[in-house]
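Participant: Before I ask anything, here is the structure I am working with.
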Amino acid sequence: MICIGIESTAHTFGAAIVDGESRKVLSNVIKAFTTEEGGMVPSKVADHHVDVCQEAVSEALGKAGVKPGQVDLVAFSQGPGIGHCLRIGAGVARSLSLVLKKPLVGVNHCIAHLEICRFLTPAKDPVLLYASGANTQVIAFESGKYRVFGETLDIGIGNFLDSFARALNLGFPGGPKIEKLAKDGKKLVKLPYSVKGMDVSLGGISTNLKTKIKSGEYSKEDLCFSVQETAFAMLVEVAERAMAHTGKSELVLGGGVACNKRLQEMCTMMCEARGAKVFFLENQFYVDNAAMIAVTGIEMFRAGQSTPVEKSEVRPSERTDDVSVTWR
Ligand code: ATP
Ligand code: FE2
């Protein structure tokens, strides 16, 4: 089964082709809206998606060597995300479904971050640490649904890193720049550490950092190093607590921040210490991408699910546990 996936929850418009039989991602085209300063005006991002959507779809088909007539299924991210952006992807997906006369299936973006890990790695029933710009959540399958075991109580880890990087004049996106500078950090600066059960809070550490930057007493390198050590330790702690709580012994990652090698290293150490396994993916499958949407669409469709065009309205605030999971 050949599925075309469409992603457009936020700044990225993605189109991808996945072969369900060979379990291969044949193409994964990512067109990200970028600005120097960061920040997004929803209508501007939606305009970007309109500009690139046709090219993204053609490129995905071309790179995969698949003709439109060979597509069996159309999957798209139905939510959660920014309404303006979601509507562009949904429109493209509906058109493809109607023109190609192939079924449509609406996919939950957060669940897709976990499903692509199950599709591309040996992980069977993992806990997902989803660490992106806007989202910081620990998700796992339990009692018939995907559930959020823990999350940020205020800002997402990526937005937190970007805002810290902006205060240091490092530019946007901040995560990769912080990672680079952190390698030359030597001293661990004490920062507030805020874990509440399986939730984390990053607002306090953000304010504290801004005061420390103003004081001029600390080097950029030491601050970047300390931010990573402290904030990532919080994420790893809540992921471990969810693993202990659910009795699961596999960990996977998702979201742009998952590209960070120090975070990956800390996850590996935690899993080794508890006799669990951790599986990593290529970065193209951590950032928002359409391959994960196609993969999830295939699983859902095989379990008998599809989304008639008239029921394909976008769901900007869909919750992970709203989704009925028939494919597991
Ligand atoms: P969401 O998926 O919640 O809508 P998003 O689309 O903003 O959020 P992603 O595209 O998954 O998120 O990730 C973007 C974030 O990842 C940015 O905040 C960026 O700074 C961060 N990031 C990217 N690479 C790294 C890295 N190497 N280390 C740390 N953070 C990183
Ligand atoms: Fe995402």
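The values are calculated or read from the model by the stated rules, or taken from the named source; none is laboratory data. Just so it is clear, the structure is predicted and the values come from calculations on it, not from any experiment. Cβ atoms come from the backbone with ideal geometry, glycine included; neighbour counts cover every protein chain shown. Heavy atoms of the whole protein, side chains included, go into the accessibility calculation; ligands, DNA and RNA do not. Shrake-Rupley method; radii C 1.70, N 1.55, O 1.52, S 1.80 Å.
Participant: How many residues are part of a loop (DSSP other than H, G, I, E, B) and touching a residue at least 24 places away in the same chain (Cβ under 8 Å) if we restrict to region 40-85?
Facilitator: Going through region 40-85, the residues part of a loop (DSSP other than H, G, I, E, B) turn out to be 40-41, 65-67, 71-72, 80-82.
Filter once more, so that each one left must be touching a residue at least 24 places away in the same chain (Cβ under 8 Å): 40, 65-66, 71-72, 80-82.
Looking only at that region, the number is 8.
Participant: Same structure, new question: May I ask you to verify whether Glu36 is more than 19 Å from the chain's Cα centre (by Cα), loosely packed, with under 14 Cβ neighbours inside 10 Å and closer than 21 Å to Gly158 by Cβ? First the steps, then the outcome.
Facilitator: On the way: more than 19 Å from the chain's Cα centre (by Cα): yes; loosely packed, with under 14 Cβ neighbours inside 10 Å: yes; closer than 21 Å to Gly158 by Cβ: yes.
It is true that Glu36 is more than 19 Å from the chain's Cα centre (by Cα), loosely packed, with under 14 Cβ neighbours inside 10 Å and closer than 21 Å to Gly158 by Cβ.
Participant: Okay, next question. Please verify whether Thr207 is open to solvent by 20 Å² or more (accessible area, probe 1.4 Å), over 21 Å from the mean Cα position of the chain (by Cα) and in contact (Cβ under 8 Å) with a residue 40 or more places away in the chain, treating the condition exactly as stated. I'd like the intermediate steps shown before the answer.
Facilitator: Details: open to solvent by 20 Å² or more (accessible area, probe 1.4 Å): yes; over 21 Å from the mean Cα position of the chain (by Cα): yes; in contact (Cβ under 8 Å) with a residue 40 or more places away in the chain: no.
In short, no.
Participant: Which ones in region 212-228 are charged (D, E, K, R) and surrounded by 15 or more Cβ atoms within 10 Å (Cβ to Cβ)?
Facilitator: Listed by number, the residues that qualify are Lys212, Lys220, Glu221, Asp222.
Participant: For Lys187, state whether it is open to solvent by 50 Å² or more (accessible area, probe 1.4 Å), basic (Lys, Arg) and within 25 Å of Met40 (Cβ to Cβ).
Facilitator: Working: open to solvent by 50 Å² or more (accessible area, probe 1.4 Å): yes; basic (Lys, Arg): yes; within 25 Å of Met40 (Cβ to Cβ): no.
No; evaluated as a whole, the condition is false for this residue.
Participant: What pairs come out if I take residues in region 1-26 that are assigned to a strand (DSSP E or B) and pair them with residues that are more than 12 Å from ligand 1 (Cβ to nearest atom) and among the aromatic types (Phe, Trp, Tyr) whose C-beta lies under 6 Å away, six or more apart or interchain?
Facilitator: Taking only residues 6 or more apart or on different chains, the pairs are Ile6/Phe76.
Participant: Now for a separate question. Looking only at region 253-260, decide whether some residue is among the hydrophobic types (A, V, I, L, M, F, W, C), at pLDDT 95 or above, away from ligand 1 (no atom under 15 Å from the Cβ) and surrounded by 14 or more Cβ atoms within 10 Å (Cβ to Cβ).
Facilitator: no
Participant: Let me ask something else about it. Given (1) away from ligand 2 (no atom under 16 Å from the Cβ); (2) modelled with pLDDT of 95 or more, where does Ser324 come up short, assuming only one miss?
Facilitator: All conditions are met except number (2).
Participant: Would you be able to tell me the number of residues in region 91-130 that are away from ligand 1 (no atom under 16 Å from the Cβ) and either aliphatic (A, V, I, L, M) or part of a loop (DSSP other than H, G, I, E, B) (or both)?
Facilitator: Result for region 91-130: 19.
Participant: Is it the case, given these coordinates, that Val127 is at negative phi and either open to solvent by 10 Å² or more (accessible area, probe 1.4 Å) or over 17 Å from the mean Cα position of the chain (by Cα) (or both)?
Facilitator: On the way: at negative phi: yes; either open to solvent by 10 Å² or more (accessible area, probe 1.4 Å) or over 17 Å from the mean Cα position of the chain (by Cα) (or both): no.
Against the criterion (at negative phi and either open to solvent by 10 Å² or more (accessible area, probe 1.4 Å) or over 17 Å from the mean Cα position of the chain (by Cα) (or both)), Val127 does not qualify.
Participant: Right, next: Please determine, by comparing only the residues of region 131-154 that are assigned to a loop (DSSP other than H, G, I, E, B) and within 15 Å of the chain's Cα centre (by Cα), which one is nearest to ligand 2 (Cβ to nearest atom).
Facilitator: Of the residues in region 131-154, the ones assigned to a loop (DSSP other than H, G, I, E, B) are 132-135, 143-144, 153-154.
Then drop every residue that is not within 15 Å of the chain's Cα centre (by Cα), which leaves 132-135.
On the way: Ser132: 4, Gly133: 8, Ala134: 8, Asn135: 6 Å.
Residue satisfying both the conditions and the ranking: Ser132.
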